[in-house]
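To start, the structure under review is shown below, and the notes come after it.
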């Protein structure tokens, strides 16, 4: 097994601005695993609000590679999968799909492998997410199965994804909406002090359903007043109205307004979910926050058990990380998986959109990625 990491700089088509920051370039990290003649891929988007950058992700991956040289037994479970698939290919079993239970066990194999990583690696969420994605890609390829099948998902149930309009001068935001004509559902970034002006301008050029994301820009009182003002604009839900950590503030907002509240920055892993029951209507799960597909899958199940809606979101990411998240999308209520649509140099193709904006999942093994020419 050989693992490498490299810079993956992604150029934005437009400056991407939210309430707290703006960027023209995402400094992501590409992880590549070579094993048993296969090439598996993962991607990290270091989240600055977690104190991460691409240097820290590189260091964590390099630490893992060094650790791997002294722990050769790490890959043994992967060899078992490879041998089992080889036996299937030499028997009549190859004509029948693998039964669901053994397939769903494959994700557990990855999670158990990653649980053995040094704590200094696991502490860097972007690095953990990239390794998780790459090992899931590898396991899917070894088993000859797409990841959605390993997770027991039905690709016919994949949702429509929203397309994000970042903060900009109002005429520019209107032009971005016109450019997004093919996308049936828009997510509008707010938190500027002129949010109603923005929504008035958006509504002047489109009647599409909207989602509104404040990225924690408001106080509790501002959120209540702003959301009440926003209610007539045909908005599906409000995302992260206030700063993370204020559960009682979220509860006050939810009790005072009629629009559903979805939290993003307030939830990172499964441990953050139980206190949100009753304080929010749903959670936004991101692979780069939680550490990959395995934890995201657990979060979906836990949130549903507590009556919370679930959404899969993203940062500025290529089709590597977006496709990884998309394999879980049939299991959630909402999708905001448009990071690859915002960039001009996506190196791979994977998940696609049908004419209705619905996610179309690859049927190829693993992530199912193809390099772009």
Specify the angular offset, from 0 to 90 degrees and rounded to the nearest 10, of the alpha carbon long axis of helix 54-69 from the longest principal axis of the alpha carbons in the chain.
20 degrees
Roughly what angle does helix 100-115 make with the longest principal axis of the chain, taking Cα atoms, 0 to 90 degrees, to the nearest 10?
80 degrees
Return an integer: the convex hull volume of the alpha-carbon atoms of the chain, in Å³ per residue.
130 Å³
Alpha carbon Rg of the range 155-371, scaled by the compact-globule rule 2.2 N^0.38 Å
0.99
For residue 231 and residue 55, FRET efficiency with R0 = 56 Å and r from the beta-carbon atoms, rounded to 0.05?
0.80
P(r) tail fraction, the range 2-150 - alpha-carbon pairs more than 19 Å apart, %:
57 percent
Round to the nearest 10 and give me the degree value, 0 to 90, for the angle of helix 195-205's Cα axis relative to the longest principal axis of the chain.
80 degrees
Taking Cα pairs under 8 Å and at least six residues apart, what relative contact order does the range 2-150 come out at, in percent?
28 percent
Can you order the peptides 49-55, 206-212 by their average number of other Cβ atoms within 10 Å per residue, highest first?
206-212, 49-55
Please list 306-317, 256-267 highest first by mean number of surrounding beta-carbon atoms within 10 Å per residue.
306-317, 256-267
Exposure proxy order (Cβ contacts within 10 Å, fewest to most) of 200, 272
200, 272
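Values in this text are rule-based calculations from the coordinates and carry no lab data. Since we're looking at a predicted model, the values are computed, not measured. So basically every Cβ, Gly included, is an ideal-geometry build from the backbone, and we count neighbours across all protein chains shown.
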